[in-house]
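Data block below; observations after.
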Ligand code: F6P
């Protein structure tokens, strides 16, 4: 099937797809899920290409894999774990069995504990030594940071709880900058770490503990832990009543829906958090029941596979025309690249095709004044993924929102249409002539024929944010199955961690750099000369 797809692309790659984009295509090459619309009409995928992609999908066994995931089978084979982040939002969906045990009573019990704690913090029943909690500091990294940090920002219009801060980097500048803004007596510190061993998080947690200990008598009382490792949270001195646990079948980058979302719940309140879960649950139900052609995560995955593995476009720009989604690209970098950035398939053989794409992006319209130059006129094709809401939250500035929407739609149109040499000549014909006109015109040509998809929704509410994130999670799942990848492990992060541990005493000057490669030894020498040790 891959061969057929490559052959088909070779046949159609030079045609201008703009000619195909009429109203019928807009209807046929779009998908509706709940309130959301995915438009992939502005791509070079035609009926034949789509049929081949759908055959590829069918042949990958994705239906059985999807059923296995929702049923709690250990599809994360290299770690021998089930993959059940969907259970965290299965609010009224019945039992979910892992090893014959229904996990839902535990999930709902933890959710209820989180809700009660969040309400206590928000309503001043849980206090710090100095009274009502004014600031929450979430210390975590990767999946224990990016999800809640992205979602707290995205749902800022619903934020009516204490201020939320996020510390992730081991760079002391990160934690120092946050703690300077907080009063220890009214700060709640959340240590978010699935394993409770991550060096960045544990280092920052100890720094926060020392900071609080300078003025707060019972520091432990203002600490909360979110983790699967109850023994380690106890060793750290956090009372079990303030530990919110979860199981190993929740992957770090899929963990926002449970305890790792506590900071979000405190920010927006338990009710809005439930709406967020319901949005995700609605996307789960859509993913489970819609035919592949009508299935938004599946079609989004197939469009991505067409662009990355078939056309060879190695990166994908995520461009939210929704400033509230400013952290979405960073969040998706972990979700997509940590999940599908693998070189071997499930059975250990080298991947037959490329792994998942490089994902990057920034909100529009900011990006337009930065890197869009390359997207429009650079020699590489960068498929773009636009996200746009019909309405923002600033009702009195709706005309400004309309300008934002116009910009979003204009970009996908410009990428597709481009500007011909004749059109470019006409633009500058009054200023130049002869060879200079030709030269100037060529700089103003846009080749066009550049693909994009647009995800449109009414407004970025908690429900819609839940739908968007679940959409991307399932897209990653489908892409992983088609490529034969285990999307749920992350062995590629290990080597750097091991080498950093070994290098620490060298950097500190307690051990020589002997045995290190010449470049690393020289860099250590330079940094030591300038004060690192
Ligand atoms: O190093 C990668 C990683 O394991 C991610 O997968 C994870 O989200 C992050 O580190 C943080 O892990 P933890 O929540 O265990 O601190």
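Within the stretch 476-507, take every residue that is part of a loop (DSSP other than H, G, I, E, B) and out of contact with any strand residue (DSSP E or B) (no Cβ under 7 Å at 6 or more places or on another chain) and give me the one that is farthest from the ligand (Cβ to nearest atom). By that ranking, first place goes to 484. Against the numbered list (1) within 26 Å of residue 490 (Cα to Cα); (2) within 18 Å of the chain's Cα centre (by Cα), residue 350 comes up short only at (2).
With the stretch 141-231 as the region, which helices (runs of 4 or more DSSP H) entirely inside it contain at least 1 residues that are within 12 Å of the ligand (Cβ to nearest atom) and touching a strand residue (DSSP E or B) at 6+ places or on another chain (Cβ under 7 Å)? Because the criterion is at least 1 residues that are within 12 Å of the ligand (Cβ to nearest atom) and touching a strand residue (DSSP E or B) at 6+ places or on another chain (Cβ under 7 Å), the helices (runs of 4 or more DSSP H) in the stretch 141-231 that meet it are 146-154, 199-213. With respect to the conditions (1) surrounded by fewer than 24 Cβ atoms within 10 Å (Cβ to Cβ); (2) touching a residue at least 24 places away in the same chain (Cβ under 8 Å); (3) more than 16 Å from the ligand (Cβ to nearest atom); (4) on the phi < 0 side of the Ramachandran plot, residue 349 lacks only one, and its number is (2).
For residue 137, the test of being crowded, with 22+ Cβ neighbours inside 10 Å and either at pLDDT below 95 or not assigned by TED's automatic domain parsing to the domain that holds residue 325 (or both) is passed.
Does residue 231 meet the test of being under 26 Å from residue 99 (Cβ atoms), surrounded by fewer than 19 Cβ atoms within 10 Å (Cβ to Cβ) and assigned by TED's automatic domain parsing to the domain that holds residue 121? So that I can check it myself, show each step before the final result.
Working: under 26 Å from residue 99 (Cβ atoms): yes; surrounded by fewer than 19 Cβ atoms within 10 Å (Cβ to Cβ): yes; assigned by TED's automatic domain parsing to the domain that holds residue 121: yes.
Spelling it out, residue 231 is indeed under 26 Å from residue 99 (Cβ atoms), surrounded by fewer than 19 Cβ atoms within 10 Å (Cβ to Cβ) and assigned by TED's automatic domain parsing to the domain that holds residue 121.
If the condition is being over 24 Å from the mean Cα position of the chain (by Cα) and surrounded by 15 or more Cβ atoms within 10 Å (Cβ to Cβ), then the stretch 47-92 contributes 49, 50, 52, 53, 54, 56, 60, 73.
The values are calculated or read from the model by the stated rules, or taken from the named source; none is laboratory data. Note that the structure is a prediction, hence the values are computed from the model and not measured. Glycine also receives a Cβ, built like all others from the backbone with ideal geometry; neighbour counts cover every protein chain displayed.
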